Amino acid sequence: MKIVYYAPEGRPEPWLEELAKHLPQAQLRVWTEADQQAADYAVVWKPPLPLLRLPGLKAAFNLGAGVDGILQHGAQLPPGLPIVRLDDAGMGEQMVEYASWAVLAYFRRFDDYARQQQQAQWRFLKPYPKREFTVGILGMGVLGRQIAAGLRQFGFPVNGWSRSRKDIEGVQCFAGDDELDGFLRASRVLVCILPLTAATTGILNRANLEKLPAGAFVINIARGPHLVEDDLLALVQNGHIAGATLDVAQQEPLPASHPFWREPRITITPHVAAVTLRPISIEQIAGKIRMLERGEPIAGVVDRSLGY
């Protein structure tokens with residue numbers, strides 16, 4: 001079989017070496033713009049459209065959970081081409097760690113203490129009551145469920161919102177547009193882990209953020225376009241939002257001139273909440289390729305109508 005690899009950043013050699021270990025019979029190559037040769041499978045991150053139109057392509061495997069980098073091509077995508085996302089592949093554990101750190105930093109007032117340290121202040125700050133500190137998770141897919149389970153271990157009340165109805169032990173579940181307002185009004189901390197679709201782009205806008213309780217905290221570990229950045233900045237500066245932890249941005253890298261850098265109540269990390277772990281990811285992709293070659297169904301095929 002023939003497999004093409006493409007990712008705009010990083011070295012391809014370690015990925016090809018790992019693929020060769022699991023699929024020694026495969027012919028592997030790095031795709032370039034001049035490449036129009038046939039291929040059976042593509043292993044990609046944010047691929048150009050011509051790659052996805054290579055003759056003979058049976059499936060495209062995305063090197064991440066979010067597939068917006070492929071689905072952005074819309075109706076130009078080959079209609080029958082399966083797009084396959086990673087099923088966790090070590091990302092869930094990393095997301096739980098990141099979300100827990102961000103929630104705890106706000107709940108335990110570590111951010112406030114860090115600001116006090118800069119001013120050489122030794123001053124006790126009253127703790128927040130945990131029973132009133134509900135964490136709302138936007139997006140209750142595989143990663144959202146894991147984050148909810150991780151936060152419940154710390155004793156936080158957890159709510160979850162998704163497009164379709166979910167039933168998750170220990171989580172108060174909200175669903176659909178009709179229940180979004182109630183979910184937001186009950187969330188002292190809002191964690192966004194939604195897939196990026198036309199329906200979720202800009203969902204963290206002023207109208208929705210103002211529905212959060214005064215003094216709420218926002219954590220975005222999904223995609224930058226979920227957030228209307230000027231709206232968040234205005235609400236942080238007027239005090240309605242106490243602060244935010246953002247791992248993603250509309251433009252990445254975040255420009256040095258962006259006002260987020262100069263707002264002390266906003267913490268920025270460079271899209272590191274969950275990085276793709278090469279050995280686990282390649283093992284999963286190779287296993288699915290073998291299943292497809294045997295004619296067996298696989299998990300993680302994206303429903304294009306839903307966007308995930």
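So, in segment 101-114, how many residues would count as being charged (D, E, K, R) and loosely packed, with under 13 Cβ neighbours inside 10 Å?
0
Please go through segment 231-254 and pick out each residue that is assigned to a helix (DSSP H, G or I) and touching a Gly at 6+ places or on another chain (Cβ under 8 Å).
V236
Can you tell me how many residues in segment 255-279 are in contact with a Gly (Cβ under 9 Å, 6 or more places away or on another chain) and surrounded by 15 or more Cβ atoms within 10 Å (Cβ to Cβ)?
Counting residues in segment 255-279 that are in contact with a Gly (Cβ under 9 Å, 6 or more places away or on another chain) and surrounded by 15 or more Cβ atoms within 10 Å (Cβ to Cβ) gives 8.
Is it true that A89 is assigned to a loop (DSSP other than H, G, I, E, B) and crowded, with 21+ Cβ neighbours inside 10 Å?
Yes.
Can you confirm whether segment 161-179 contains a residue that is touching a helix residue (DSSP H, G or I) at 6+ places or on another chain (Cβ under 7 Å), of a type in the set (A, V, I, L, M, F, W, C), over 17 Å from G92 (Cβ atoms) and modelled with pLDDT of 95 or more?
Taking every residue of segment 161-179 in turn, at least one turns out to be touching a helix residue (DSSP H, G or I) at 6+ places or on another chain (Cβ under 7 Å), of a type in the set (A, V, I, L, M, F, W, C), over 17 Å from G92 (Cβ atoms) and modelled with pLDDT of 95 or more.
Results for (1) in contact (Cβ under 8 Å) with a residue 60 or more places away in the chain; (2) under 24 Å from I219 (Cβ atoms); (3) assigned by TED's automatic domain parsing to the domain that holds L196, shown as yes or no for each residue.
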{"position": "Y6", "(1), (2), (3)": "no, no, no"}
{"position": "Q25", "(1), (2), (3)": "no, no, no"}
{"position": "L54", "(1), (2), (3)": "no, no, no"}
{"position": "L57", "(1), (2), (3)": "no, no, no"}
{"position": "F61", "(1), (2), (3)": "yes, no, no"}
{"position": "A75", "(1), (2), (3)": "no, no, no"}
{"position": "I83", "(1), (2), (3)": "yes, no, no"}
{"position": "R109", "(1), (2), (3)": "no, yes, yes"}
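Yes or no, residue by residue, for (1) part of a helix (DSSP H, G or I); (2) in contact with a Ser or Thr (Cβ under 8 Å, 6 or more places away or on another chain); (3) on the phi < 0 side of the Ramachandran plot:
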position: Y5; (1), (2), (3): no, no, yes
position: E18; (1), (2), (3): yes, no, yes
position: A34; (1), (2), (3): no, no, yes
position: G56; (1), (2), (3): no, no, no
position: E93; (1), (2), (3): yes, no, yes
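Out of (1) surrounded by 12 or more Cβ atoms within 10 Å (Cβ to Cβ); (2) over 23 Å from the mean Cα position of the chain (by Cα), what's the single condition that is false for G56?
(1)
The values are calculated or read from the model by the stated rules, or taken from the named source; none is laboratory data. These numbers were taken from a predicted model, which means no experiment stands behind them. For neighbour counting, all protein chains shown are included, and Cβ atoms are generated from backbone atoms with ideal geometry for every residue, glycine included.
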